[in-house]
Amino acid sequence: MIQENITEEEAKVYEVLKQVPDPEVAVNIVDLGLIYKVLKNDKAKTLDVDVTLSTPGCPVGDTIIQHIQTVLENTYPEHAVLVDLVWEPQWNPDMISDDGRAELNA
Amino acid sequence: MQVGLSTKNAPSVWVVVPHFLIGTVSFLVASLFAIFNYQDLLGYHISGSVLSIVHLMILGWVSMIIFGALYQLIPVVMQVKLYSEKLAIITLGSLVVGLFFLIAAFLGYKFQLTNNFIVGGSLVIFAIILFAFNTFKSALSSNEKSISKFYIMASGVYLLLTVLLGLFTVINLSYNLLPVAHTEFMKTHAVIGLVGWFLMLVIGVAAKLMPMFLIVHRTREALLKWGFYLINAGLLIIFAVTFIKQVPEFIDVISFILIFIGLVLFLLFNYDVFSHRMRRKLDIGMKLSAIGLIMFALTTLSFIGTYFGNSAFGFPAGRIEIISGLLLIYGFFTGLILGQTYKTLPFIIWLFYYQKLVGKQKVPLVADLYSDKLATVHMYSFVASIVLFIAGLVFSIEIVLLFAAVAMFFTSMVYGINVYKMIFHKKIIK
């Protein structure tokens, strides 16, 4: 995870996002290191997520984004969910967590 | 901002899927033909039945799947939409009808310009021109500067040269326009087709897909760049000298060495990718692809054998060329296609059925759309078939070739069942 200083609520969002797998490798997007930022503002009722993809041509890219959107809207119906696709910093395999590595080769 | 997403650029399922269906049927029919004509492999290598099997495999199976897969992969490799889906459908129709006439012409055993050759050849050429145009227009609208794109664009040019040379060979046989032996044209037709069209395309696509599927980030792209220069130089020399009557032998040797080094560089690139992969455990698609690449290494070795000639091995005329062709078409191309089918076809089917349902309902994974067990079965029968084919050819044993042909037909049937399962998938909502 590259985001630092996250709140307890944002940590919960990361846990929710573990429901979203990359359909090709069957590992969740949090452990793959694809989530760069989660900002949950309970006053403004907004939930912003920055996500990246392993490659710009990823064949299931917008399916993953749609999945994130749906899961978050279902879990936080009061919040306006905004999922942003970002390319900086460029994703690399070092961003995969230990759990993700284990799952990848299970 | 959701730019560069290939799903938004993905072609319709109706463009891609028929290619896989027709390709699979061609593989089945070609494998069945081989059971009834396996003895021809030990004989004179330009028999009508061998040519019909080769063209059914090359045009009906390998080209068909490559066309379909490339329409799906253009958005992944070049990050643009396919230029025209209508053109892709017309291309498919022209290729299928043309192939039908061409196979009928080859089965007729007449090496003259028969009507079936004219109709079949013209339709295949028309299809290929449309395909090359569609690929080129897509590539030109892409800002990608990757080496993959240049390999794919070059392969389109060689594809055109291949079919034009094939047609010219047949015309020259009938009308004797150029005083060059038709075997020279046939040799260039085969080399430009196999190395220029197929290998360049496969290298271009593999350069993008192998690191993507195996999760490798830093690849040795310089190997591919040098490979691109060397293979092109070798092919252009071969093409140019075809039209010269007396060619010094060293020119042939130079072009052979240039292409050989280029292909070895591609193998080294893949070895590096496999060595540095994050995804250590290979799924069935990647296992089959890896087997295909091993077959390619063997093909490259057998190319050296063709240089030394059949007598050096105590083989009858044409045997080492048959072994090379078999390793390339049945071994490398077929192995890679069997594997990459599981990395492309289930995706487009999965996206068609489940894209709108993700997150709302529990949906299956992409790998749930086919049987892993069936794929494993045809992986073993495929390897067994290749081993038997090579053994039968090296030791000239007909019965072994029959077993090899039966094993390849079994492979095509089991693969066909899995393709059927994917294409006619029934939506699963858990």
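With labels modelled as points extended 7 Å from the Cα through the Cβ direction, what inter-label distance (nm, one decimal) is found for B:Lys281 paired with B:Val180?
5.4
With a 10 Å Cβ neighbour count serving as the proxy for reagent exposure, in which order, fewest first, do B:Ser324, B:Ser122 appear?
Ranked by crowding around the Cβ, least crowded first: B:Ser122, B:Ser324.
Holding the Cα-Cα limit at 31 Å, pick out from A:Lys18/B:Lys86; A:Lys18/A:Lys45; B:Lys86/B:Lys281; B:Lys137/B:Lys343 the pairs that are longer than that.
Pairs exceeding 31 Å: A:Lys18/B:Lys86; B:Lys86/B:Lys281.
Based solely on its DSSP helices, what 222 nm [θ] is calculated for the protein assembly as shown when runs of n ≥ 4 H residues each add -39,500 (n - 2.57) and the sum is averaged over all residues, nearest 500 deg cm²/dmol?
Taking each H run of at least 4 residues, the total per residue is -21500 deg cm²/dmol.
Over all residues in B:363-370, what is the mean tally of Cβ atoms on other chains that come within 10 Å of each residue's Cβ?
Mean shielding count: 3.
Within 10 Å of each Cβ of A:97-103, how many other protein chain Cβ atoms are there on average?
For peptide A:97-103, the averaged partner shielding equals 1.
What is the fewest-to-most order of B:Glu144, A:Glu8, A:Glu15 by other Cβ atoms lying within 10 Å of their Cβ?
Least to most surrounded, the residues fall as A:Glu8, A:Glu15, B:Glu144.
Could you line up B:Ser138, B:Ser311 from fewest to most neighbouring Cβ atoms inside 10 Å?
The most exposed by this proxy come first: B:Ser311, B:Ser138.
If one computes the Cα centroid of the range B:275-312 and of the range B:12-62, what distance in Å separates the two points?
The range B:275-312 and the range B:12-62 have Cα centres spaced 21 Å from each other.
Readers should treat all values here as calculations from the given coordinates under stated rules, not as data from a laboratory. In this text the structure is predicted, and so the values were computed from the model without any measurement. Every residue, glycine as well, gets a Cβ built from its backbone with ideal geometry; the counts of neighbours run over all protein chains shown.
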